[in-house]
Amino acid sequence: MNRITPQPGIMDIALYQGGASHVAGVENVIKLSSNENPFGPSPKAIEAVRNAAATLHRYPSTDHASLRAAIADVHGLDPDRIICGVGSDEIITFLCQAYAGPGDEVIHTEHGFAMYRISALAAGATPVEVAERDRVVDVDAILAGCTERTRLVFIANPANPTGTMIGEAEVARLADNLPDQTILVLDGAYAEYVEGFDAGRAIIDARENVVMTRTFSKLYGLGGMRVGWGYGSREIIDVLNRVRGPFNLSTPALAAAEAAIRDFDYVEYCRAENTKWRAWLAEALAEQGVPSDTSCANFILARFGSPDEAEACDAHLQSRGLIVRRVAGYKLPDALRITIGGEEACRRVAAAVAEFKKGWK
Ligand code: PMP
């Protein structure tokens, strides 16, 4: 008998499907499938990585004090209430490891980000999916789904892959009506794309049961560096630090993130381009009979008449060197999630969809 078996729940985890980055036989490919910053990292981050190379023989900082100070400075936060991780994925993992185990429930919403379920199962907990309303997080459905075993509730605001978000009053209503033993996690991976949005900071400061996660992978253009962070009460951050490995972030990653967050001009440029071309692309596709919900993030969820049409359009876009994301796995088989590239990418997508629509009966 084979005694080498994984923990219960592990084999229920579906392997994460990363997107392709090239198409055989097609040149000039643009990848619009992972919500990355199309303009690349800040030049200051590149320079910081070069400079960090000289100290690669040393272990990196264990407490990330310098990066936490920079984050605190830019966002007006207390550095002692910040924890840094290998992408915000790792903060999600820490939360599940530290707060959810066998017998506990972790709520995510219908179209919620895949990592919530993966991390809950990896911790031995039970993921519980609750319905959304027209692709928007539904606070009442979440509250109705809570039990005395619910330990964590994850919502992304703005959400991936829908791009929709709920207002601060709704988030506060959710936080205030959760069971006593439940932490609300506000995943702010796309928060930087919402002008003037504090991603729940005011809500967190007024409560003990809310945590926010953020990332350098999107607006800051550092997906390849894997840097994210979390913000919450001192007690929760202390707990998360206990499950964190001592050297979880590399020296180049720390240096890149610190330089990127202080490159205000570059950040502003990227945000403004995203806002401009997101509106342009949504309108261009809507004119061709491909609607999308108003997106607050760096992608749009383009909806087609049927799963077959979405699949055929995906294939057509690929043949034109445009890699977007089918979201069949997220139960939206009639949709394509398209990252907002720069002007050239958006114009190419609009032209290719128009071409596709002409040939689609
Ligand atoms: N949350 C959401 C909603 C996301 O879309 C992503 C990335 N796709 C993440 C978290 C994780 O990002 P990272 O680990 O790169 O910080």
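The table below lists the values:
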{"read-out": "Enumeration of residues in the stretch 214-235 that are within 9 Å of the ligand (Cβ to nearest atom), under 17 Å from residue 83 (Cβ atoms) and among the basic types (Lys, Arg)", "value": "214, 226"}
{"read-out": "Whichever residue in the stretch 187-199 is under 17 Å from residue 170 (Cα atoms) and small (Gly, Ala, Ser) and, among such residues, is nearest to the ligand (Cβ to nearest atom)", "value": "188"}
{"read-out": "Among (1) in contact with a strand residue (DSSP E or B) (Cβ under 6 Å, 6 or more places away or on another chain); (2) at pLDDT 95 or above, the one test that residue 327 misses", "value": "(2)"}
{"read-out": "Residues satisfying the stated conditions in the stretch 65-97, i.e. over 19 Å from residue 200 (Cβ atoms), aliphatic (A, V, I, L, M) and surrounded by 16 or more Cβ atoms within 10 Å (Cβ to Cβ)", "value": "67, 70, 86"}
{"read-out": "Test: residue in the stretch 129-138 that is within 20 Å of residue 299 (Cβ to Cβ) and in contact with a strand residue (DSSP E or B) (Cβ under 6 Å, 6 or more places away or on another chain)", "value": "yes"}
{"read-out": "Qualifying residues in the stretch 9-54 (those that are of a type in the set (Asp, Glu) and under 24 Å from the mean Cα position of the chain (by Cα)) - the one surrounded by the most Cβ atoms within 10 Å (Cβ to Cβ)", "value": "36"}
{"read-out": "Unique match (being over 22 Å from residue 35 (Cα atoms) and open to solvent by 10 Å² or more (accessible area, probe 1.4 Å)) among 238, 263", "value": "238"}
{"read-out": "Residue match in the stretch 297-304 (condition: among the aromatic types (Phe, Trp, Tyr), open to solvent by less than 30 Å² (accessible area, probe 1.4 Å) and either touching a Phe, Trp or Tyr at 6+ places or on another chain (Cβ under 9 Å) or not in a helix (DSSP H, G or I) (or both))", "value": "yes"}
{"read-out": "Selection count, the stretch 200-213, where residues are within 13 Å of the ligand (Cβ to nearest atom) and either open to solvent by 10 Å² or more (accessible area, probe 1.4 Å) or free of Cβ contacts under 8 Å to residues at least 40 places away in the same chain (or both)", "value": "1"}
{"read-out": "Whichever residue in the stretch 76-110 is assigned to a loop (DSSP other than H, G, I, E, B) and touching a strand residue (DSSP E or B) at 6+ places or on another chain (Cβ under 7 Å) and, among such residues, is farthest from the ligand (Cβ to nearest atom)", "value": "104"}
{"read-out": "First in the stretch 98-127 and open to solvent by less than 40 Å² (accessible area, probe 1.4 Å), second anywhere and modelled with pLDDT under 95 and part of a helix (DSSP H, G or I), Cβ under 7 Å, 6 or more apart", "value": "111/330; 121/10; 121/12"}
{"read-out": "Sole exception among (1) farther than 19 Å from residue 219 by Cβ; (2) more than 16 Å from the ligand (Cβ to nearest atom) for residue 64, by number", "value": "(2)"}
{"read-out": "Flag for residue 268 being among the charged types (D, E, K, R), modelled with pLDDT of 95 or more, under 21 Å from the mean Cα position of the chain (by Cα) and away from the ligand (no atom under 16 Å from the Cβ)", "value": "yes"}
{"read-out": "Residue in the stretch 51-67 that is under 23 Å from residue 162 (Cβ atoms), in contact (Cβ under 8 Å) with a residue 12 or more places away in the chain and in contact with a strand residue (DSSP E or B) (Cβ under 6 Å, 6 or more places away or on another chain) present", "value": "no"}
{"read-out": "Number of positions in the stretch 305-321 that are within 22 Å of residue 361 (Cα to Cα) and either in contact (Cβ under 8 Å) with a residue 40 or more places away in the chain or surrounded by 16 or more Cβ atoms within 10 Å (Cβ to Cβ) (or both)", "value": "11"}
{"read-out": "Lone qualifier among 163, 228, 188 - being in contact (Cβ under 8 Å) with a residue 24 or more places away in the chain, at positive phi and crowded, with 23+ Cβ neighbours inside 10 Å", "value": "163"}
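The values are calculated or read from the model by the stated rules, or taken from the named source; none is laboratory data. Since we're looking at a predicted model, the values are computed, not measured. A quick note on method: Cβ atoms are made from the backbone with ideal geometry, for glycine too, and the neighbour counts reach across all protein chains shown. Side chains included, ligands, DNA and RNA excluded: accessible areas come from the protein's heavy atoms. Shrake-Rupley method; radii C 1.70, N 1.55, O 1.52, S 1.80 Å.
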